Amino acid sequence: MAKPIFWRRRGACMPSDCLVREGSPFHEHYLTHQAVDLFGPGVCSGCGKHGFHPACEARAVQRVRAFDENKRRLLEQHALHGTYGVVGAASRQSYDFAVAALSAYVERPLDCDPQHAIEGAGWWFIAEGWIGMLGFIVEKEGATIYPLFSGLAARNWLPDTSADWCTIVAYVNGKVEATERSTNT
């Protein structure tokens, strides 16, 4: 039997599309790993009741599919290349400029992964965050920086959408204020 599991993906608990099947090498790890069992061993992660519940598994799989579909749709709608990451030499140069501007703003080297970046027509989303901070939008023209706080995601909540995308859509809709400090490098 399969059980839905919850993994931490960049700071947010989400049901995984990866289900742990009894007898698999991961099943024993799943039963003993404290961070995965939300309510304790032998308790359904979906509803908090004892046992395995196919309806809870089906809801978890349905939620994952909804999140994945929304992510795909938002990438097609807002990402310049329809995907995460840096695509091509011009994109790399533009990304490096955005990272340099953001590094100057936070006054430290960044620990960001270009595979998690999103390039819009006139901006970059850089997933550099900490508690309360999901990332930053850096505009290509002028390197204006927009911090994307977790509270912004809550105020601009979209169903079945990650907090990152809630804040990016808020920026696209003009609901995010730029920083006041100059970031010209």
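The values are calculated or read from the model by the stated rules, or taken from the named source; none is laboratory data. Predicted model, so just to flag it, every value in this text is computed and none were measured. Glycine gets a Cβ as well: all are built from the backbone with ideal geometry, and neighbour counts include every protein chain shown. Heads up: the accessible areas ignore ligands, DNA and RNA and are worked out on the full protein's heavy atoms, side chains in. Shrake-Rupley method; radii C 1.70, N 1.55, O 1.52, S 1.80 Å.
Suppose each label sits 7 Å from its Cα in the direction of the beta carbon; what would the Ala104-Arg65 distance come out to in nanometres?
About 4.8 nm, to one decimal.
Viscosity 1.002 mPa s, temperature 20 °C: what is the translational diffusion coefficient of segment 98-152 from Stokes-Einstein with a Kirkwood Rh over Cα pairs, rounded to a whole number of µm²/s?
D = 192 µm²/s.
For segment 39-130, compute Rg over Rh where Rg is the Cα radius of gyration and Rh is the Kirkwood radius from the inverse mean 1/r over Cα pairs.
1.20
So how do Phe136, Phe149, Phe52, Phe67 rank on accessible area, 1.4 Å probe, biggest first, that is with the largest at the start?
Reading off the accessible areas and sorting them downward yields Phe149, Phe52, Phe67, Phe136.
With Cβ to Cβ distances under 12 Å as the rule, what net charge do the other residues near Leu80 carry (K, R +1; D, E -1)?
-1
Given H placed 1.01 Å from N in the peptide plane, which residues other than close sequence neighbours of Gly85 have an amide H under 5 Å from its amide H?
Result for Gly85 returns Ala117, Ile118, Glu119.
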